[in-house]
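Just below is one structure, and these are the notes that go with it.
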Amino acid sequence: MNKLRLNSDYFFKFSPDLLCIAGFDGFFKRINPAVSNLLGYTEEELLSRPINSFIHPLDRNLTAEYRESIKKGKPLMNYENRYLKKSGETVWLSWTSMPLNEDNLVYAIAKDITHKKKLEEERNALLANLSMMNKKLKDLSFTTSHDLREPVNNLFGILHLLDTSEIKNPETLNLIELLKKTAEKLELKMNKHLNELSENAKVSVKIEDVSLAEVLKTVQDSIGALISNSKVVFQIDFTAFQTISFNRDYLESIFLNLITNSIKYAKPSTTPIITIKAKMVGEVKRLTFTDNGIGFDKDAVKDRIFGLSQTFNTRPESKGIGLYLVHTHMTNLGGHISVESKINEGTEFTLSFKG
């Protein structure tokens, strides 16, 4: 028995992950050296102050909500929040916590995921910038096409309307003829290059009949751990139609962002429920994504809902990119997206697809 205890103490002392025992009173009772090494506080400082004082101010309220759910006997899996090091630097931690209610204790292990979070932010920012650059390129090509074609065509028309019968000077006639030929070449080259610019500005996407069930399964498989840990319940109804003429990658991205949003913004101590339903409205195919999460004040955010880097709550995982991408995917292929939401009453997205 003593040997087993010695080995467990060795594991606690030398584990590279953060190992903690915390009380229901909000204080650390025991920590391993990895906690002090990462945060820069001494063990005495970490044990003498409330845990909440080490958490990033923007994450304290949400973390307190989840702490209350742990006290009720609900384990916490892969919860991410930010802590402040003694130096003032922010670090991201991913927590798995198990309560021991009879002793009023919580056993927790955390991993430092700061590097992963930075990579995710860089990737999302790059993806958003690429989408924005593509839109700007489209706008430029259409504007250039309109603004240049009209004056050149007018010049070409005026030259052909000139009456040269009264002009006797051979040099003047040659100059007019030269202008006509130059205008013709300019028009041909301009049309050629502007057409190429317009074609290159278009996103080359493959449109096909995409199975809704297959897309849903692909997305669910890709976030299997998140779904399992959150214990989310799916209510699916694809009876109205089973396929959509769309781009498969776009549709998977739409499903992924809407589903993960619903899980991220679920109410603490409430089982997340996501309802995805297909329905026909006349000749239009529509998909609705409905959840029972924390929702938001739609009237307060108005037309900013699908804007880049727009967020509507203080949760650390809010980056304002997911809904921007969903909106971009829909509108790029002629579709439409709308949303209804109220605080603490959930959210419903309606996707209308081009026929």
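A short reminder: the numbers here are calculations on the coordinates, not readings from a lab. Computed from a predicted structure; not experimentally measured. Cβ sites come from the backbone with ideal geometry, for glycine too, and all protein chains shown count toward neighbours.
List of remarks:
- Between Ile223 and Thr239, the contour length at 0.36 nm per residue exceeds the alpha carbon distance by 3.3 nm.
- Computed label-point distance, nm, for sites Lys354 and Thr90 using a 7 Å Cα→Cβ extension: 3.8
- Cut-off 19 Å, label 7 Å out along Cα→Cβ of Ile273, residues of segment 329-355 by amide N: 340-350
- At full extension, Ile21 and Thr331 could sit 106.6 nm farther apart than now, given 0.36 nm per residue minus the alpha carbon distance.
- Once both labels are positioned 7 Å from their Cα atoms along Cα-to-Cβ, the gap between Glu68 and Lys189 label points is 7.2 nm.
- Its Cα gyration tensor gives segment 2-112 an equivalent ellipsoid; the semi-axes, largest first and in whole Å, are 21, 18, 12.
- Given Lys72/Lys118; Lys277/Lys298; Lys117/Lys217; Lys85/Lys264; Lys116/Lys342; Lys71/Lys264, the pairs whose alpha carbons are separated by over 29 Å: Lys72/Lys118; Lys116/Lys342
- Working from label points 7 Å from Cα in the Cα-to-Cβ sense, the Asn101 to Asp249 distance is 4.9 nm.
- For Gln242, distant residues with modelled amide H under 5 Å away: none
- Footprinting exposure proxy ranking of Met280, Met77, fewest other C-beta atoms within 10 angstrom first, gives Met280, Met77.
- Extension gain, Lys181-Phe11: 0.36 nm per intervening residue step, less the Cα-Cα distance, totals 52.6 nm.
- Sequence of Thr239, Thr331 once ranked by neighbouring C-beta atoms within 10 Å, starting from the fewest: Thr239, Thr331
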